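Accompanying notes for the structure given below.
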Amino acid sequence: MKITFYGHACIGIEVSGKHILVDPFISANEKAAHIDVNHLKADYILITHAHQDHTLDVEVIAKNNNSVIVSNWEIATYYGNKGLQYHPMNHGGSWQFDFGKVKYVAAVHSSSFPDGTYGGNPGGFVIEGEHKNIYISGDTALTMDMKLIPMRTKLDLAIFPIGNNFTMDVEDAIIASDFVDCDKILGCHYDTFGFIVIHHEEAIKKFFDAGKDLMLLEIGKSIEL
């Protein structure tokens with residue numbers, strides 16, 4: 001399983017010969033100016049919630065790739081009504097796709113499209129595939145619901161927002177990693193805007209001191225699980 005960071009909260013996943021893209025916000029992100037959305041592959045696009053900084057490039061990428069959009073009912077049908085392929089889910093439900101099993105889990109945040117359309121309740125994804133399991137929390141506060149995840153799935157990687165103000169901060173993300181019983185963390189949702197700038201070395205040290213590994217990838221860089 002290959003994981004690529006495309007900036008902000010956008011993650012690419014390559015597994016079982018399929019390309020999955022999560023929360024594509026690239027074209028308006030100055031830090032990701034070297035990433036061309038028209039060259040991204042996406043058999044599936046997973047969307048955690050409807051905010052613009054997670055959905056901006058959904059339509060162009062989906063049209064370019066004939067992607068299947070996977071999200072909650074409100075978000076999935078929003079794009080379905082635009083003629084795009086979609087698979088709706090809701091909290092607690094799971095589905096066996098051709099790349100692995102996906103479960104839609106709870107997040108504590110808000111969710112609406114830029115045009116004001118209701119985006120349903122926000123969520124995250126647990127993906128089980130190729131003997132590697134990952135949790136993408138989406139934008140969220142620290143929540144006790146995270147403790148439910150390791151009851152069903154042993155994680156190899158957890159992807160958490162760490163920028164504070166709109167989501168968890170570093171300290172809460174460390175607690176979240178305890179809750180989900182995973183010591184390998186990929187940070188996201190930081191530095192894109194002034195509200196969420198972090199001190200990288202300090203964040204990495206806090207995780208290290210807690211016996212955990214925080215990875216802050218450069219945009220466009222990848223890791224293999």
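The values are calculated or read from the model by the stated rules, or taken from the named source; none is laboratory data. Bear in mind the structure is a predicted one, so any value in this text is a computation, not a measurement. Here Cβ is always computed from backbone atoms with ideal geometry, including for glycine, and neighbour counts include all displayed protein chains. Only protein heavy atoms, including side chains, enter the accessible area calculation; ligands, DNA and RNA are left aside. Shrake-Rupley method; radii C 1.70, N 1.55, O 1.52, S 1.80 Å.
Just to be sure, is ALA76 surrounded by 21 or more Cβ atoms within 10 Å (Cβ to Cβ), small (Gly, Ala, Ser) and either free of Cβ contacts under 8 Å to residues at least 24 places away in the same chain or under 20 Å from ALA9 (Cα atoms) (or both)?
The answer is yes for ALA76.
Are any residues in region 51-105 assigned to a helix (DSSP H, G or I) and of a type in the set (Asp, Glu), and if so, which ones?
ASP53, GLU59, GLU74
Would you mind stating whether ILE204 is within 26 Å of HIS131 (Cα to Cα), open to solvent by less than 80 Å² (accessible area, probe 1.4 Å) and outside any loop (DSSP other than H, G, I, E, B)?
Considered against the rule, which asks whether it is within 26 Å of HIS131 (Cα to Cα), open to solvent by less than 80 Å² (accessible area, probe 1.4 Å) and outside any loop (DSSP other than H, G, I, E, B), ILE204 comes out as no.
Restricting the first residue to region 1-15 and requiring it to be part of a strand (DSSP E or B), which pairs with a second residue that is modelled with pLDDT under 95 and open to solvent by 10 Å² or more (accessible area, probe 1.4 Å) meet a Cβ separation below 7 Å and a spacing of at least six or different chains?
VAL15/GLU130
So in region 115-137, with the set limited to residues that are of a type outside the set (D, E, K, R), farther than 17 Å from ILE45 by Cβ and in a loop (DSSP other than H, G, I, E, B), which one is modelled with the lowest pLDDT?
Across region 115-137, the extreme among qualifying residues is HIS131.
Can you tell me which residue in region 142-162 is farthest from LYS101 (Cα to Cα), limited to those that are in contact with a Cys (Cβ under 8 Å, 6 or more places away or on another chain) and not charged (D, E, K, R)?
Among those that are in contact with a Cys (Cβ under 8 Å, 6 or more places away or on another chain) and not charged (D, E, K, R), it is ILE162.
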